[in-house]
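I have placed the structure first, in the form of structure tokens, so that the comments after it can refer back to it.
The values are calculated or read from the model by the stated rules, or taken from the named source; none is laboratory data. Every value quoted in this text rests on a predicted model; they were computed, and no experiment measured them. Because the Cβ atoms are built from the backbone with ideal geometry, glycine has one as well, and the counts that use them run over all protein chains shown.
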Amino acid sequence: MNSVNRLRTRVRDLDRQRRHRSTARAVLRVLPEPESWLDVGTGDAHFPETARELFPYTSFDGTDTTTRVTRAREAERIEEAHVGTLADLATALRARYDVVTLLRPPATAEELDAAVAALRPAGILLLEFPQSHADALRTELDPRPCTILTTTRLVLDRFATNTHRVVARRDPSPS
């Protein structure tokens, strides 16, 4: 039974890496050389670790509400670790990043505001979320100073279906 569990874990890890590469490629299409990237809710920073394969010169930072983000920094998956919610860190991170990723729906409207505020003018916001959040999230994005560039329905993961991705660009003039 132990070998079955190892196999499941390996398949899950490979699926996660494939999803993460796909997510990173979505940014590569619109911003080939970002200087700085913030991954919100990064946990152990598996996404930045995978994205670094495509963006070796990009500085990846992460936020998380747990101390896993500090362990990720110690493991050198990210360069700066921020413990707390993005809304709590908004002032310190304002207009600092070329790319901000939320690979889950924003917990609050304040978190979405903070994600947009963390972007430099013309920066890229990348969101991934379940279909059930699609309409609400598009409605929440409308009043913010950003333009939706692409929306995609993803079916890359064996374990999660009906996932959507939105890539948006912050308006060039700061608000």
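Residues in region 123-132: is at least one more than 16 Å from the chain's Cα centre (by Cα), outside any strand (DSSP E or B) and under 23 Å from Ser22 (Cβ atoms)?
yes
Mind checking which residues of region 109-126 are of a type outside the set (Gly, Ala, Ser) and under 11 Å from Ala87 (Cβ atoms)?
Passing the criteria: Glu110, Glu111, Leu112, Asp113.
Within region 81-101, track down each residue that is outside any loop (DSSP other than H, G, I, E, B), under 25 Å from Arg165 (Cβ atoms) and either charged (D, E, K, R) or within 14 Å of the chain's Cα centre (by Cα) (or both).
Within region 81-101, Leu86, Tyr97, Asp98, Val99, Val100, Thr101 qualify.
Exactly one of these conditions fails for Leu137: (1) modelled with pLDDT of 95 or more; (2) in contact with a Phe, Trp or Tyr (Cβ under 7 Å, 6 or more places away or on another chain); (3) assigned to a helix (DSSP H, G or I). Give me its number.
Exception for Leu137: condition (1).
Could you list, in sequence order, the residues of region 32-54 that are part of a loop (DSSP other than H, G, I, E, B) and under 12 Å from Thr101 (Cβ atoms)?
Pro34, Gly41, Thr42, Ala45
Could you check Thr63 against (1) crowded, with 20+ Cβ neighbours inside 10 Å; (2) in a loop (DSSP other than H, G, I, E, B); (3) of a type in the set (Ser, Thr, Tyr) and say which number it fails?
Of everything listed in (1) crowded, with 20+ Cβ neighbours inside 10 Å; (2) in a loop (DSSP other than H, G, I, E, B); (3) of a type in the set (Ser, Thr, Tyr), Thr63 misses just condition (2).
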